[in-house]
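Accompanying notes for the structure given below.
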Amino acid sequence: MYIRSTGNISPQKTFGNAAFPGEVVAHEGNRLNCITPDYKELIDPKLIRRMSRVIKMGVASAMACLNQAGVTLPDAIITGTAYGCLEDTGVFLSKMAERGEEMLTPTSFIQSTHNTIAAQVALLIGCHEYNNTFVSGGASFEHALLDAQMLLQEGEAKNILVGGVDEITDISHIILGRFGLYKQGPVSNLHLFNYGTKGTIAGEGSAFFLLSNESSEKDLAKLEAVTTFYKPKDFADIESQIEAFLAANGGLSMYDISLVITGDNGDVKNDEVYHYLENSLFNYCNVVKYKHLCGEYPTSSAFALWYAVHLMGQNADPATAHTAKIKRILIYNHYQNTHHSLMLLSAC
């Protein structure tokens, strides 16, 4: 799959023509909220008033992606999200409790469903083609990519808009915090990997990609393959999965990989597998992390893919701090050691 264009709203200055990663935004606390762009440039102001924050994030990043590619109507729209539109869900449930399940307005319920973002994009651009949303926890975005891959391979579509979106709300942050997922006390995203303690920092974001089965001069990178695996037995099993994944795609090995992007999130238990791989399978190449930039959330791998495309386009290897030709990038991420995913990119 050829990546024609991208659009990304995140806790960093990634939207538009920002000089990322030259300037990394510092966040204090265990919550990284997205930097809000000027939505009026992409969305009718009259429509903005009716959209919740995550819908605006999703629609704006999707529209920016389409504009960058010069595509007005894709052949399919596919999104992945674990939480959906949490803000509208919270509003609807709160009013249901406050009003005794009577006199409820339908707007917040309609906009609380997981497929709202993909539907809103389709309505705005008048796209009546294939529209699907995957809700598969930490593998939601990867399943959206796999669905797009099948559509392209079967000749059902030529240009597909694919995105991964999740948000933080006050309610969701409190609830997930009760499970001990986030660090307590003063923390900074810039020092996330230095604490060596339990917990991570919450994140959110919306990243969209226009994928095509035909190459062009505008391509940013080529997404060679995507795969997922569920609850591996041990570290050796993960190592075997990675080796088999590379071998199945042109008989590659780690010697063929220029850069590895890993999903370390600062939690001492979560990061054990990454530390193991850095001293074994990944010992032959440069390794960089990304969750200090966007935080931890189920579809953060969408940010990782955008980061990989950006680094490949800039030929900037942050692991060596100098310009270097990047030929292939491997992304390995897991969410709560349950959903594991691998993505392989190559230069066009």
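The values are calculated or read from the model by the stated rules, or taken from the named source; none is laboratory data. As the structure is a computational prediction, the values presented were derived from the model and not from experiment. Don't worry about glycine lacking a Cβ; one is built from the backbone with ideal geometry, like all the others, and counts go over all protein chains shown.
Numbers for the structure displayed
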item	result
Count of residues meeting criterion [surrounded by 14 or more Cβ atoms within 10 Å (Cβ to Cβ) and of a type in the set (F, W, Y)] in the range 232-266	2
Residues satisfying the stated conditions in the range 52-65, i.e. surrounded by fewer than 24 Cβ atoms within 10 Å (Cβ to Cβ) and of a type in the set (A, V, I, L, M)	M63, A64
Single residue of the range 289-317 satisfying the filter (assigned to a strand (DSSP E or B) and either at pLDDT 95 or above or touching a Lys or Arg at 6+ places or on another chain (Cβ under 6 Å) (or both)) that is surrounded by the fewest Cβ atoms within 10 Å (Cβ to Cβ)	K289
Leading residue by the ranking (nearest to Y297 (Cα to Cα)) among those in the range 248-283 that are assigned to a helix (DSSP H, G or I) and of a type in the set (D, E)	E272
Residues (surrounded by 16 or more Cβ atoms within 10 Å (Cβ to Cβ) and among the hydrophobic types (A, V, I, L, M, F, W, C)) located in the range 98-123	F109, I117, A118, A119, V121, A122
Qualifying helices (runs of 4 or more DSSP H) (wholly inside the range 1-105; at least 3 residues being over 26 Å from N159 (Cα atoms))	45-48, 86-98
Selection status of P74, closer than 19 Å to G295 by Cβ and over 17 Å from the mean Cα position of the chain (by Cα)	no
Answer from S206, S215 - the residue that is under 30 Å from L124 (Cβ atoms), part of a loop (DSSP other than H, G, I, E, B) and hydroxyl-bearing (S, T, Y)	S215
Qualifying positions in the range 174-188 - at pLDDT 95 or above and under 23 Å from K56 (Cβ atoms)	none
